[in-house]
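Heads up: the structure comes next, in structure tokens.
The values are calculated or read from the model by the stated rules, or taken from the named source; none is laboratory data. Note that the structure is predicted; figures quoted are calculated from it, not measured. A quick note on method: Cβ atoms are made from the backbone with ideal geometry, for glycine too, and the neighbour counts reach across all protein chains shown.
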């Protein structure tokens, strides 16, 4: 049995509250069980220098964790003077994932920065950041459309992510920390609303896994992603 008592394919309770920040062009608070992430979108009216005069826009991300997001205090990275390798890897993943759902030519020469701040962590923070980050991005794009700044919708599809792994010898969906910390295999699946894969990160943490087990985890991720997309659409009024 899972520590939470959930079924093998059961997600944690998911809620996405939109427009939680007054000044951001798009924002939401996503809760996946006890993992809570504040996501915001900022529109900048110029692209990064490497895209100047290309007609293309850009989506990038920054990720951070509050000191008491975990059960012991983590020193602020700003105080240390540099970001950890983990933070850099996660925010690059978020940026890559969200760009896969955007028509950069329709966005035009501007940049949207997605900030993901983990308020409370209980596993799956990068996946929650991607799922909530898309909501913030969608809301920001809607503002550009409503204001007539862009002529066509740059959002091609939903983007969401879910962690799945092998816990106690069984494939399970949406790992929390109690499961993730001892999982034999851990995987993060980033997908579009149409079920296309953007990125898969899988590793054997304590035991190797078979091709069949990988397929079972992918099946769990697909079903879970469909649920997350529903929540995204509800949050954005679509």
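Picking from residues in segment 75-92 that are in contact with a helix residue (DSSP H, G or I) (Cβ under 7 Å, 6 or more places away or on another chain) and part of a helix (DSSP H, G or I), the one that is surrounded by the most Cβ atoms within 10 Å (Cβ to Cβ) is 90.
If you go through segment 196-218 and keep only what is surrounded by 14 or more Cβ atoms within 10 Å (Cβ to Cβ) and in a helix (DSSP H, G or I), you end up with 213, 214, 216, 217, 218.
Considering only residues in segment 173-195 that are within 22 Å of the chain's Cα centre (by Cα) and part of a loop (DSSP other than H, G, I, E, B), the one that is nearest to residue 232 (Cα to Cα) turns out to be 193.
Take residue 106 and decide whether it is part of a helix (DSSP H, G or I), over 30 Å from residue 8 (Cβ atoms), modelled with pLDDT of 95 or more and touching a strand residue (DSSP E or B) at 6+ places or on another chain (Cβ under 8 Å). For residue 106, the condition - part of a helix (DSSP H, G or I), over 30 Å from residue 8 (Cβ atoms), modelled with pLDDT of 95 or more and touching a strand residue (DSSP E or B) at 6+ places or on another chain (Cβ under 8 Å) - is not met. Scanning segment 126-171 for residues that are buried (at least 24 other Cβ atoms within 10 Å of the Cβ), within 20 Å of the chain's Cα centre (by Cα) and in a strand (DSSP E or B) returns 159, 160, 161, 162, 163, 164, 165.
Taken as a whole, segment 23-32 holds no residue that is surrounded by fewer than 17 Cβ atoms within 10 Å (Cβ to Cβ) and in contact (Cβ under 8 Å) with a residue 24 or more places away in the chain. Selection over segment 70-102 of residues that are in contact (Cβ under 8 Å) with a residue 40 or more places away in the chain and more than 17 Å from the chain's Cα centre (by Cα) gives a count of 1.
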